[in-house]
Amino acid sequence: MARKVPPGYDRHCRNLTTAERAAKEAEGIVPVVRLKIPDDGETSYHDMIYGDIRVKNSTLDDLILLKSDGFPTYHLANVVDDHFMEISHIMRAQ
């Protein structure tokens, strides 16, 4: 908040080398697995209610998919569950 940017992951460890990752793991730091969103450009999709939606990638967060304990987060588990249940449309409260 003090930096006047939205809260979220600062991508601090996004581009670590293999050696840097190994050093952090040797320190006892257990990694998470994140969805790596492109830094620039935009993501777009068609919403059946709101039409075409465009979002600048710079405003999106690299979401955690697998937690440091190896378990999936809601973000991953929900999509996998919807896929296997053959869910094609989702309506959520705004």
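The values are calculated or read from the model by the stated rules, or taken from the named source; none is laboratory data. In this text, all values refer to a predicted model and were calculated from it rather than measured experimentally. Glycine gets a Cβ as well: all are built from the backbone with ideal geometry, and neighbour counts include every protein chain shown. Calculation scope for accessible area: heavy atoms of the full protein, side chains included, ligands and nucleic acids excluded. Shrake-Rupley method; radii C 1.70, N 1.55, O 1.52, S 1.80 Å.
Table for the structure above
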{"read-out": "Of residues in the range 1-26 being of a type in the set (A, V, I, L, M, F, W, C) and either at pLDDT 95 or above or surrounded by 11 or more Cβ atoms within 10 Å (Cβ to Cβ) (or both), the one nearest to TYR74 (Cα to Cα)", "value": "CYS13"}
{"read-out": "Cβ pairs under 7 Å, 6+ apart, first in the range 27-46 and over 24 Å from HIS89 (Cβ atoms) and open to solvent by less than 70 Å² (accessible area, probe 1.4 Å), second part of a loop (DSSP other than H, G, I, E, B) and among the polar types (S, T, N, Q)", "value": "VAL32/SER68"}
{"read-out": "Search result, residues across the range 47-60 that are of a type in the set (Val, Ile, Thr), more than 17 Å from the chain's Cα centre (by Cα) and either more than 19 Å from ILE90 (Cα to Cα) or open to solvent by 100 Å² or more (accessible area, probe 1.4 Å) (or both)", "value": "ILE49"}
{"read-out": "Meets criteria (touching a helix residue (DSSP H, G or I) at 6+ places or on another chain (Cβ under 9 Å), in a loop (DSSP other than H, G, I, E, B) and surrounded by fewer than 13 Cβ atoms within 10 Å (Cβ to Cβ)) for SER88", "value": "yes"}
{"read-out": "Selection count, the range 61-85, where residues are surrounded by 10 or more Cβ atoms within 10 Å (Cβ to Cβ) and either at positive phi or in contact (Cβ under 8 Å) with a residue 12 or more places away in the chain (or both)", "value": "9"}
{"read-out": "Enumeration of residues in the range 7-38 that are among the small types (Gly, Ala, Ser) and over 13 Å from ILE64 (Cα atoms)", "value": "ALA19, ALA22, ALA23, ALA26, GLY28"}
{"read-out": "Boolean, GLU42 is modelled with pLDDT of 95 or more, touching a Lys or Arg at 6+ places or on another chain (Cβ under 9 Å) and charged (D, E, K, R)", "value": "yes"}
{"read-out": "Unique match (being modelled with pLDDT under 95 and over 15 Å from ILE37 (Cβ atoms)) among HIS89, HIS75", "value": "HIS89"}
